[in-house]
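Participant: My questions will all concern the structure given below.
The values are calculated or read from the model by the stated rules, or taken from the named source; none is laboratory data. Everything numeric in this text was worked out from a predicted model, so none of it was measured. Glycine gets a Cβ as well: all are built from the backbone with ideal geometry, and neighbour counts include every protein chain shown.
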Amino acid sequence: MIPSATQSSSGVRRVLRFLLAEMRPKGPLMTPFNMISIPVILLGIGILTVRFIYGLGSVTNLSQSYPWGLWIGFDVVTGVAFAGGAYVLTFAVYVMGVEKYHPIVRATVLNGLLAYVFYAGALVLDLGRPWNVINPIIGNSFGYNSVLFQVAWSFLLYMLAEALEFSPAVAEWLGLKRLRNFLRSLTLGAVIIGVTLSTLHQAGLGALFLMAKPKIHPLWYTEFIPVLFTVSSIYAGLSMLIVEGSISHRVFSDQLDASKHHQHNEILLGLGKGVAITMFAYYFFKVLLFLHDRQWHLLASGWGAWYLVEVLGCVLVPCVMFISAVRTRSLGLLRVAAVWALVGILLNRLNISVIAFNWQLPVRYYPSWQEIIVTLTVAFTEIWVFRWIVVRMPVMREPHELPHAAPSVVRATV
Amino acid sequence: MDRRSFLKFSAATGMALATSEAQATEPAQPEEFVGVLVDTTRCIGCRSCERACSVANNLPVPDVEKDGALAQVRDTSDHQWTVVNRFETSKGEVFVKKQCLHCWQPACGAACLTNAMYKTRTGPVIWRPGKCMGCRFCMVSCPFDVPKFEYSGWNPKIQKCSMCAERLEQGKKPACVEACPTDALMFSSKRQLMEVARVRIYNHPERYVHKIYGEYEVGGTGWLYLSAVPFEEIGFRTDLGTTPYPEYTRNFLYGVPLGLFGLPALLVGLSLLAQNDKSRLEGSES
């Protein structure tokens, strides 16, 4: 009894000392990214302080006609679509057993988790009465009849599922082998719950706008918004994986060995294939809805042109680019197509939540510079945390295992 | 059983037996939603209702004699729950009072994830500060753009007409109705208001357009309007449809439980289907 107790207390002390050591910065501080992001984050914190004292109107351009602006339209609605890569990839790897993508699954899950914590978390910045944010969780009251109730709960549970999916990496970092093995055994369950919740809340984000029927331009309003949001979140997430993968591949290349560099190109092309197919399905669905609703007459206006920019210019064009990139195995084209596709998603989400919202009113909403700075603050902070974790925990680098753990060897031979 | 109570009921299926027993012992109370009939042909634009509303609800009281507010068409705001607007119409000038219409199935209430926006049993749609988190989804959802948000201050409120729900509980009428000098406003149950409205149209078919705004709009509203001119001319949207707005999210919400149980089953199935090698499962790792 006593020896084991002292052993564990010294173990705790060792872990604490280790954590303390890990808190120190591990890279150069004067990088271009740091030089830009630090002042922006500090400014953002200042703006948020003003916002929480003097109210949303003191820093945003929100109005009675535009209750939701950049913080919801971009941070939450678009950010969550961009973070869709995690549920698609974990589905492929853990449910369907596609081992090809295993090397990027940890980075993807971490990205997904942080995106939800920060982007969905940005919702709290936008709440007028944020101290009541726990009300739908503690039952004051349960608004079962609300789409947002479903979205809020599934955000929360999904973050837990993703944390569980990522937890083995934390255990490895701390050198807790038995805990790691236990957490790893929960992964498939967490993935199944995570994929379910993701599908539901990606659709739910679209369903938020179903009651705004008289306010959203008919070219964008359809009762199938939830389906469109879900389908487009698949290719948005995968495109984001291509962009993020390309960037972090370069930035963290010291974490990867030679075989991984070779694998990486194959992975990107594989993702591109997935995007091309999903995008085409999405485009097909859009055309079908357009024809079904007989909306030709709506095209002859500024809104019609804007709609074509989104659907032809930012869905069909990048879709064709993806097909061509995959066929010619051109990684450069693939990356351009991925960025383009993300611009298309951004346009679509902003059109529904902000731009084509209350399109009949004479007043328009443009984000204030403070709203933009806060949005950048959220993004930069997320990147800081991501970098902090990647540098310390086994996210990109092999082996995922502790020195004497065997399963990966077994798997590699299979 | 309406949609809201159905959802509540289905969410609490575990307690279904207990609640149905409790309901059985309660005496049946016939309750009717109340509302107000606004006869725009009687309104003289004195704005007594605006003043009475502000006094009754502790809002800044407008100087209705001197502020010249009728010169332009106004909207309600975060410090004014009701406004009277003047319209030049084909039949001369018409004054129209604007406030929350207290829908029978309010979109704001269906949108609210904490039930802070709440349709009381007697009809008023009220806002409950202890529950609201200020997400403003009610504002996005309301087809009439009624809820207004205080964008200044650390502790903002949603501001909208409550039909003076507290006064109603004391057996009084809404403050605006009590203040109206020309009986342009009439407070009663919707059933009775509909009868009165129809009688007025029947007795004076030349004075009114033969439509009662709010009878069917967005599934029916607590406040009803009579007009001498088509409602488009006096600032009403007539393209909102007759479907109660919560209906637009019904299919999605019904789909949620299906997804919540169906998808994991499907995923487990797919996972087993893809498992051609047992060692992969054992070796599956994060």
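Participant: Taking the stretch A:328-356 as the region of interest, how many residues are crowded, with 18+ Cβ neighbours inside 10 Å and not small (Gly, Ala, Ser)?
Facilitator: 14
Participant: Among the numbered criteria (1) within 11 Å of chain B (Cβ to nearest Cβ); (2) assigned to a helix (DSSP H, G or I); (3) surrounded by 16 or more Cβ atoms within 10 Å (Cβ to Cβ); (4) not basic (Lys, Arg), which one does A:GLY272 miss?
Facilitator: (1)
Participant: Could you list all residues from the stretch B:178-195 that are buried (at least 17 other Cβ atoms within 10 Å of the Cβ) and more than 18 Å from B:CYS103 (Cα to Cα)?
Facilitator: B:ALA179, B:CYS180, B:ALA184
Participant: At the interface with another protein chain (Cβ under 10 Å from one of its Cβ atoms) and either more than 30 Å from B:LYS157 (Cβ to Cβ) or loosely packed, with under 11 Cβ neighbours inside 10 Å (or both) - does that describe any residue in the stretch A:47-64?
Facilitator: yes
Participant: Quick test for you: out of A:ILE53, A:ILE36, pick the one residue that is over 29 Å from the mean Cα position of the chain (by Cα), modelled with pLDDT of 80 or more and not assigned by TED's automatic domain parsing to the domain that holds A:TRP388.
Facilitator: Answer to the selection: A:ILE53.
Participant: On the basis of being without any contact (Cβ under 8 Å) to a residue 60 or more places away in the chain and at positive phi, does B:GLY171 make the cut?
Facilitator: Judged against the criteria, B:GLY171 is a match.
Participant: It is to be established whether one or more residues within the stretch A:214-225 are assigned to a helix (DSSP H, G or I) and within 14 Å of another protein chain (Cβ to nearest Cβ).
Facilitator: For the stretch A:214-225, residues assigned to a helix (DSSP H, G or I) and within 14 Å of another protein chain (Cβ to nearest Cβ): present.
Participant: Let me ask you something else. Can you spot a residue in the stretch B:204-214 that is among the hydroxyl-bearing types (Ser, Thr, Tyr), out of contact with any strand residue (DSSP E or B) (no Cβ under 7 Å at 6 or more places or on another chain) and surrounded by 18 or more Cβ atoms within 10 Å (Cβ to Cβ)?
Facilitator: Checked against the condition, which is being among the hydroxyl-bearing types (Ser, Thr, Tyr), out of contact with any strand residue (DSSP E or B) (no Cβ under 7 Å at 6 or more places or on another chain) and surrounded by 18 or more Cβ atoms within 10 Å (Cβ to Cβ), the stretch B:204-214 yields no hits at all.
Participant: Which residues, counting only those in the stretch B:70-87, are among the small types (Gly, Ala, Ser) and either part of a loop (DSSP other than H, G, I, E, B) or within 12 Å of chain A (Cβ to nearest Cβ) (or both)?
Facilitator: B:SER77
Participant: When the residues of the stretch A:300-313 are narrowed to those that are among the aliphatic types (A, V, I, L, M) and free of Cβ contacts under 8 Å to residues at least 24 places away in the same chain, which ends up surrounded by the most Cβ atoms within 10 Å (Cβ to Cβ)?
Facilitator: A:LEU308
Participant: Show me the helices (runs of 4 or more DSSP H) entirely contained within the stretch A:95-161 in which 1 or more residues are in contact (Cβ under 8 Å) with a residue 24 or more places away in the chain, among the acidic types (Asp, Glu) and facing chain B (nearest Cβ under 9 Å).
Facilitator: A:122-126
Participant: Which of the residues spanning the stretch A:294-315 are under 21 Å from A:ILE355 (Cα atoms) and outside any helix (DSSP H, G or I)?
Facilitator: Correct list: A:GLN295, A:ALA300, A:SER301.
Participant: Follow-up. What number of residues within the stretch A:65-94 are touching a residue at least 60 places away in the same chain (Cβ under 8 Å), within 30 Å of B:ASP75 (Cβ to Cβ) and either in a loop (DSSP other than H, G, I, E, B) or at the interface with chain B (Cβ under 10 Å from one of its Cβ atoms) (or both)?
Facilitator: Final tally of qualifying residues: 5.
Participant: Restricting the search to the stretch A:201-220, which residues are in contact (Cβ under 8 Å) with a residue 24 or more places away in the chain and surrounded by fewer than 24 Cβ atoms within 10 Å (Cβ to Cβ)?
Facilitator: Those that are in contact (Cβ under 8 Å) with a residue 24 or more places away in the chain and surrounded by fewer than 24 Cβ atoms within 10 Å (Cβ to Cβ): A:LYS215, A:ILE216, A:HIS217, A:PRO218, A:LEU219, A:TRP220.
Participant: Moving to a separate point now. Tell me, please, whether a residue that is among the hydroxyl-bearing types (Ser, Thr, Tyr), surrounded by fewer than 20 Cβ atoms within 10 Å (Cβ to Cβ), assigned to a helix (DSSP H, G or I) and at pLDDT below 90 can be found in the stretch A:316-327.
Facilitator: no
Participant: Please determine whether any residue of the stretch A:182-199 is away from every other protein chain (no Cβ under 11 Å) and either part of a helix (DSSP H, G or I) or surrounded by fewer than 21 Cβ atoms within 10 Å (Cβ to Cβ) (or both).
Facilitator: yes
Participant: Does B:VAL218 meet the test of being within 14 Å of another protein chain (Cβ to nearest Cβ), in a helix (DSSP H, G or I) and buried (at least 20 other Cβ atoms within 10 Å of the Cβ)?
Facilitator: yes
Participant: Output the number of residues of the stretch B:221-252 satisfying the condition of being closer than 24 Å to A:GLN360 by Cα and not hydroxyl-bearing (Ser, Thr, Tyr).
Facilitator: 15
Participant: Suppose we filter the stretch A:253-303 for residues that are in contact with a helix residue (DSSP H, G or I) (Cβ under 8 Å, 6 or more places away or on another chain) and small (Gly, Ala, Ser); how many remain?
Facilitator: Adding up the residues that qualify gives 6.
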